[in-house]
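What follows is one structure encoded as structure tokens, with my remarks underneath.
The values are calculated or read from the model by the stated rules, or taken from the named source; none is laboratory data. Small disclaimer: the values here were computed from a predicted structure and weren't measured. Note: ideal-geometry Cβ built from the backbone for every residue, glycine included; neighbour counts use all protein chains shown.
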Amino acid sequence: MIELNNVSFAYGDRPILTNVTFKIEQSESVVIMGPSGSGKSTILRLILGLNCPQRGSLLINGENICVMKEDQKREIRKGIGMVFQDGALFDSLTVGENVGYYLLEHTKMRWEEIEERVREMLGFVGLDADEIIDKLPEELSGGMQRRVAIGRALLSTNPRVMLYDEPTTGLDPQATETVLDLINKLTLQRKISTIVVTHEIADAFAVANRFMLIWEGELIFDGNVDQLRDSADGRVRSFLEPFRTSFNEVRERKFV
Ligand SMILES: Nc1ncnc2c1ncn2[C@@H]1O[C@H](COP(=O)(O)OP(=O)(O)OP(=O)(O)O)[C@@H](O)[C@H]1O
Ligand SMILES: [Mg+2]
């Protein structure tokens, strides 16, 4: 589904990613962790074809998005839903217009038809359509906004791949759990391949059993929870150190 082979990427002459290689299968869910500035969001931008690697190859369903024309790129992107780091809703549009944005802009469907799909989608992401469809994003809580953003990504594209960049940042524990449940529901019910970028190790354990650690642009770890805990790599250990307690608690809850 997603395959990176020895991918290196620089902004200008500043190297950001070096020789990153991994493969993600259909309906697999993985977490990318790493310190701030290590290159996590950059990996998602490459997968979306917003940037292209200077070296190595990146294939989505066996195809290299970087050699494509704009309209072919758009086709590929239709299969990828992205929830951006800041949630990124259009603040001057209503919730309904946000969720139906792609259909409004790119199809000839009438609003009545679109609204029906939007209402269904809001229900799917656990929101009350009657209550919020005509509201502006600023009138919603952070957790609700994040769910609207996920709904928008889903309705735009009917994706086979979902990318979430820090989906729970700034949310309280309740809202965090709802968003994580939604991510799991999508991965499992719709057989979507999922990449979640997060700083939060507890969130990581809740949505995946494969973990990657990016360190100064290099993929220094790719494995399961036991391998993660037992890693002898000093960089992996120092990244995990602040989380050791939650690491053990979460591990007991979920894996024992
Ligand atoms: N458009 C850009 N032009 C130049 N440098 C950039 C650009 N975007 C990001 N960078 C740099 O690339 C590096 C990696 O950024 P990236 O956003 O991938 O990090 P990240 O791991 O997602 O960090 P965070 O956890 O803070 O979101 C950073 O040093 C950043 O300053
Ligand atoms: Mg980032």
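Taken over the stretch 50-99, the criterion of being within 16 Å of ligand 1 (Cβ to nearest atom) and either farther than 17 Å from S193 by Cα or of a type in the set (V, I, T) (or both) is satisfied by L50, N51, C52, P53, Q54, V83, Q85, D86, G87, A88. Just wondering, is there one or more residues in the stretch 161-169 that are within 16 Å of ligand 2 (Cβ to nearest atom) and modelled with pLDDT under 85? Yes, because at least one residue in the stretch 161-169 is within 16 Å of ligand 2 (Cβ to nearest atom) and modelled with pLDDT under 85. Scan the stretch 160-179 residue by residue and report those that are farther than 14 Å from F84 by Cβ and in contact with a strand residue (DSSP E or B) (Cβ under 6 Å, 6 or more places away or on another chain). The answer is V161, and nothing else.
Mind listing whichever residues of the stretch 17-38 are more than 11 Å from I214 (Cα to Cα) and among the aliphatic types (A, V, I, L, M)? Matches in the stretch 17-38: I24, V30. Every residue in the stretch 28-45 that is over 13 Å from D165 (Cα atoms) and either modelled with pLDDT of 95 or more or in contact with a Ser or Thr (Cβ under 6 Å, 6 or more places away or on another chain) (or both), please. Passing the criteria: E28, S29. For the stretch 114-157, taking the residues that are basic (K, R) and within 24 Å of the chain's Cα centre (by Cα), the one that is modelled with the highest pLDDT is identified as R119.
Scanning the stretch 144-173 for residues that are surrounded by fewer than 19 Cβ atoms within 10 Å (Cβ to Cβ), part of a helix (DSSP H, G or I) and either within 16 Å of ligand 1 (Cβ to nearest atom) or touching a residue at least 12 places away in the same chain (Cβ under 8 Å) (or both) yields a count of 1. Taking the criterion of being more than 15 Å from R160 (Cα to Cα) and out of contact with any strand residue (DSSP E or B) (no Cβ under 6 Å at 6 or more places or on another chain), the only residue of the stretch 15-27 that qualifies is P15. In the condition set (1) under 21 Å from the mean Cα position of the chain (by Cα); (2) surrounded by fewer than 22 Cβ atoms within 10 Å (Cβ to Cβ), W111 is compliant with all but (1). Just one of the listed residues (I195, I214) is modelled with pLDDT of 90 or more and under 30 Å from L104 (Cα atoms), namely I195.
Figure legend. Inter-residue proximity from the stretch 13-27: first residues under 15 Å from I195 (Cα atoms), second residues surrounded by fewer than 17 Cβ atoms within 10 Å (Cβ to Cβ) and of a type in the set (A, V, I, L, M, F, W, C), beta-carbon distance below 8 Å, spacing 6+ or different chains. Indicated pairs: S27/L188.
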